[in-house]
Amino acid sequence: MIVIHGKSSSDKKVSGIITFYRRDVFEPLMEHRDDPIAEYERFVRARDTAADELDLLFDIASKRAGTNAAGIFEIQKMMIEDKDFSSLVSGIIRSQQCSAEFAVKCASKIFSDLLRFSGSEYMAQRSEDIFFTGDRIIRKLAGVEKRLGHYERDVIVCAQTLSSSDILLMQSPFITAIAVKKDAELSHCALLAQGLGIPLISDLGDKLERRFEGMEASVDCSTGMLIIKN
């Protein structure tokens, strides 16, 4: 038996099979573009489409988990529509003569790092939101949709971290709990999971290893323990 200690604000006790969420990563590369105006127009269209999608996610999350938990999607929309973010994307496109996808990737990293190293734990949590909003725009630009996990048995979904839209869109009656390596106690991800009634345990660190894939486990949120049967 392997016991990993983490954090949780729930008191539920559940069990399931360990399964690691395989993030569908799309990583744009540096590609030269001769028409920066056309690239920025592409960005604007993708940005506006992503903002409309976040409105839809807010409506869905409000119905399932309440407006308080759904608020993360409003915050992400504000990030997407931030004028400084758009200006930075425009500047990167012009200075590097690169694709809109690569410019969004660079701008997202700059903004994310500013929040991560701000000295505020709350703002550091928001740095993840910047990454996920940037990823949303990039996918709209590239025409690549995110593939989500499909589960047909009781599972404890494990990951480095999860976005709020990941949790909302992969919701399944077979997901008994979510376990993440990073500290998500102050995140909107935790608030949304709570609103959906999915126990979440976080701050498990590197002891949560992929070799546990397929093993039976239980989550005791009252004590913040993930117990793996080996």
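The values are calculated or read from the model by the stated rules, or taken from the named source; none is laboratory data. Note that the structure is predicted; figures quoted are calculated from it, not measured. Glycine also receives a Cβ, built like all others from the backbone with ideal geometry; neighbour counts cover every protein chain displayed.
Does segment 182-198 hold any residues that are in a helix (DSSP H, G or I) and at pLDDT 75 or above, and which are they?
Of the residues in segment 182-198, the ones in a helix (DSSP H, G or I) are 188-196.
ALA190, LEU191, LEU192, ALA193, GLN194, GLY195, LEU196 - these are the residues of segment 182-198 that are in a helix (DSSP H, G or I) and at pLDDT 75 or above.
So how many residues does segment 151-181 have that are modelled with pLDDT under 75 and more than 16 Å from the chain's Cα centre (by Cα)?
Residues meeting the conditions: 4.
State whether one or more residues within segment 22-30 are under 30 Å from ALA177 (Cβ atoms), in contact (Cβ under 8 Å) with a residue 24 or more places away in the chain and in contact with a strand residue (DSSP E or B) (Cβ under 8 Å, 6 or more places away or on another chain).
Looking for residues that are under 30 Å from ALA177 (Cβ atoms), in contact (Cβ under 8 Å) with a residue 24 or more places away in the chain and in contact with a strand residue (DSSP E or B) (Cβ under 8 Å, 6 or more places away or on another chain), one finds at least one in segment 22-30, hence yes.
List, please: which pairs have Cβ atoms under 6 Å, are six or more places apart or on different chains, and start with a residue in segment 98-122 that is more than 21 Å from PHE26 (Cβ to Cβ) and end with one that is in a helix (DSSP H, G or I) and at pLDDT below 90?
LEU115/MET123; LEU115/ARG126; LEU115/SER127; ARG116/ALA124; ARG116/SER127
Can you name the residue in segment 3-61 that is in the same structural domain as ILE201 (by TED's automatic domain parsing) and among the polar types (S, T, N, Q) and is also modelled with the highest pLDDT among such residues?
Taking the candidates together, the pick is SER15.
Being within 27 Å of GLY195 (Cβ to Cβ) and hydroxyl-bearing (Ser, Thr, Tyr), is that true of even one residue in segment 17-31?
Within segment 17-31, one or more residues are within 27 Å of GLY195 (Cβ to Cβ) and hydroxyl-bearing (Ser, Thr, Tyr).
Counting residues that are within 24 Å of ASP203 (Cα to Cα) and in contact with a helix residue (DSSP H, G or I) (Cβ under 9 Å, 6 or more places away or on another chain), which helices (runs of 4 or more DSSP H) fully inside segment 71-146 reach at least 1?
In segment 71-146, 100-116, 121-142 are the helices (runs of 4 or more DSSP H) which contain 1 or more residues that are within 24 Å of ASP203 (Cα to Cα) and in contact with a helix residue (DSSP H, G or I) (Cβ under 9 Å, 6 or more places away or on another chain).
Is it the case that some residue within segment 72-94 is more than 22 Å from PHE131 (Cβ to Cβ) and either touching a residue at least 12 places away in the same chain (Cβ under 8 Å) or exposed (fewer than 14 other Cβ atoms within 10 Å of the Cβ) (or both)? So that I can check it myself, show each step before the final result.
Our first condition is that a residue be more than 22 Å from PHE131 (Cβ to Cβ); within segment 72-94, this holds for 94.
Filter once more, so that each one left must be either touching a residue at least 12 places away in the same chain (Cβ under 8 Å) or exposed (fewer than 14 other Cβ atoms within 10 Å of the Cβ) (or both): 94.
Taking every residue of segment 72-94 in turn, at least one turns out to be more than 22 Å from PHE131 (Cβ to Cβ) and either touching a residue at least 12 places away in the same chain (Cβ under 8 Å) or exposed (fewer than 14 other Cβ atoms within 10 Å of the Cβ) (or both).
How many residues does segment 54-69 contain that are out of contact with any Lys or Arg (no Cβ under 8 Å at 6 or more places or on another chain) and in contact (Cβ under 8 Å) with a residue 24 or more places away in the chain?
Looking only at that region, the number is 8.
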